[in-house]
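One structure is given below, encoded as structure tokens.
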Amino acid sequence: MELPLIVGISGASGAIYGVRMLEVLRRGGIQAHLIISRSAAQTLSEEMDMPVDKVRGLAEAVYPNSDLGAAVSSGSFKTRGMIVIPCSIRTVADVAYGHTDTLVSRAADVTLKERRRLVLVVRETPLHAGHLRSMLAATENGAIIMPPVPAFYHRPRTIDDIVNQTVGRALDLFGIDAGIVKRWRSETPAGDEKA
């Protein structure tokens, strides 16, 4: 049986990334164990007009962010790792400096101590020196910082194309090929065919 992936959704802008991650994992038959912060529920409503219950329905298991005794708060609970998507600067700082007063930050800390993969899809710009220091400290602790910077070599035509590429590349970091990434040079762009 495949190990589950912990998915944290923080209150940063970009709720669509977290929702798409859950949709792709469900389609791929990979269990998502979900933690949604209170501010993430508000962002979902403002950015997507999506009820939080519908998002929760995409996951195999859902935990309140206040439940520090949840299964995912223990290293003995086996997972393939954790992704926070989107990830707020507050969550980055929690990971950087070992603050574990929410389940998102506690599960992230446990992921790192167990030497499992932790990916933080940091959605903030511009960045000041404190943000950059927090990202460096989180990286030094073992996290991977992956801002959702769009690629254009695959010639995206829609927002979905951009979101799918980012979600697919994030899943690549866990060794999961969801079949939604257009790989560099895997297809010849239109107009570049040799005569």
Can you find a residue that is in a loop (DSSP other than H, G, I, E, B) and within 16 Å of the chain's Cα centre (by Cα) anywhere in region 96-103? no
Having 2 or more residues that are buried (at least 20 other Cβ atoms within 10 Å of the Cβ), β-branched (Val, Ile, Thr) and in contact with a Leu (Cβ under 9 Å, 6 or more places away or on another chain) is the bar; report the helices (runs of 4 or more DSSP H) wholly within region 1-91 that clear it. 15-27
Examine region 152-159 for a residue that is surrounded by 21 or more Cβ atoms within 10 Å (Cβ to Cβ) and either of a type in the set (Ser, Thr, Tyr) or not in a loop (DSSP other than H, G, I, E, B) (or both), and state whether such a residue exists. no
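Mind checking which residues of region 125-166 are among the hydrophobic types (A, V, I, L, M, F, W, C), touching a Phe, Trp or Tyr at 6+ places or on another chain (Cβ under 8 Å) and under 24 Å from ASP109 (Cβ atoms)?
The answer is ALA137, and nothing else.
We did not get these values from a lab; they are worked out from the coordinates using the rules stated. All figures in this text were calculated on a predicted structure; none of them were measured in a lab. Here the Cβ is made from the backbone with ideal geometry for all residues, glycine too, and neighbour counts use every protein chain on show.
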